[in-house]
Amino acid sequence: VRVVTLTAERTRMSHLLVRLTSRLSGLLHLVGVYVGIPALILIISTDVFLRYVVNRPLRWGNEVSALIQLAVLVGSLNLCTEQRGHVRMDALYVRFSPRLKRVTDVVANVCGLIFAAFFTYQSFASVVEMYRFNQGAEMINIPYWPFALFMGLCGVLLTARFLLEVLGRVPDAA
């Protein structure tokens, strides 16, 4: 009875983690799509107009655009993982047997987990260094450490997702 209760509790906890990461992933993606992308369009369009029509480009346009692009990309990584949207060789994968597909998925998820763990660690390690040395954009006074912190937090979500995938706690329909 105790083993069944413990197994049921683990299953419930893993489903809760899957739902939590899914909701946060969706929220991050929506913010990127409805805030980040329009901001990019506005900044880049304004910069192009000012550069070629008025001959007065935005000095900070490229840096801010790059930071926004980074935030949108990193914020959408977990949703891409959840939807199994990462690049793979579908021409070969569709011909694999179900067993070989499972093995391939496990290997890919272990590699993703290792990458996500290193990415997360380095992002958080960079926050301290960037804050300590006051690193930031050159043309506008934007510090880099909040972006590294955001990347680290997104990395925690991504690491959790890959870990749940490796442990087989994510239903196939998720």
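The values are calculated or read from the model by the stated rules, or taken from the named source; none is laboratory data. Owing to the predicted nature of the structure, the values given are computational and were not obtained by experimental measurement. Neighbour counts are summed over all protein chains in view; Cβ atoms, including those assigned to glycine, are modelled from backbone coordinates with ideal geometry. Just the protein is used for accessible areas: all its heavy atoms, side chains included, with ligands, DNA and RNA removed. Shrake-Rupley method; radii C 1.70, N 1.55, O 1.52, S 1.80 Å.
Our helix-only sum for the chain, with -39,500 (n - 2.57) per DSSP H run of n ≥ 4 divided by its residues, gives a mean residue ellipticity at 222 nm of -25000 deg cm²/dmol.
The residue among Asn55, Ile37, Gly136 whose Cα reaches farthest toward the positive pole of the charge dipole of the chain, with charges on the beta-carbon of Lys, Arg, Asp and Glu, is Ile37. At the listed q of 0.26, 0.30, 0.32, 0.33 Å⁻¹, the Debye profile of segment 125-174, built from one uniform point per Cα, gives log10 I(q)/I(0) equal to -0.91, -1.03, -1.08, -1.11.
Please work out whether segment 1-86 counts as rounded, prolate or oblate from its C-alpha gyration tensor, where a ≥ b ≥ c are the square roots of the eigenvalues and a/c under 1.5 means rounded, while otherwise a/b larger than b/c means prolate and anything else oblate? Prolate.
Karplus-derived 3J(HN,Hα) values for segment 75-84, using 6.51 cos²θ - 1.76 cosθ + 1.60 with θ = phi - 60°, are x, 9, 4, 5, 5, 4, 5, 4, 8, 6 Hz; glycine and proline are entered as x.
Among the listed values [x] 9, 31, 25, 17, 11, 6, 1, 0; [y] 7, 14, 12, 10, 7, 7, 6, 6, 5, 5, 4, 5, 6, 5, 1; [z] 9, 27, 29, 20, 10, 3, 1, 0, the one matching P(r) over Cα pairs in 10 Å bins from 0, in percent as calculated from this structure is [z]. A 1.4 Å probe run over the protein chains yields, for the chain, 69 Å² of accessible area per residue, whole-number rounding. Farthest toward the positive end of the dipole of segment 87-174, out of Leu149, Thr120, Asn109, is the Cα of Asn109, where the dipole comes from beta carbon charges about the Cα centre.
Across segment 23-37, rounded Karplus estimates of 3J(HN,Hα) from the backbone phi angles (6.51 cos²θ - 1.76 cosθ + 1.60, θ = phi - 60°) give 5, 5, 4, x, 5, 4, 5, 4, 4, x, 6, 9, 10, x, 4 Hz, Gly and Pro being marked x. In this label model, Gln122 and Leu17 are separated by 2.4 nm, measuring between points 7 Å along each Cα→Cβ vector. Expressed as a whole percentage, what fraction of the accessible surface of the chain belongs to carbon and sulfur atoms when a 1.4 Å probe is rolled over the protein heavy atoms? For the chain, the apolar C and S fraction of the accessible surface comes to 68 percent. Karplus-derived 3J(HN,Hα) values for segment 12-18, using 6.51 cos²θ - 1.76 cosθ + 1.60 with θ = phi - 60°, are 4, 5, 5, 5, 5, 5, 4 Hz; glycine and proline are entered as x.
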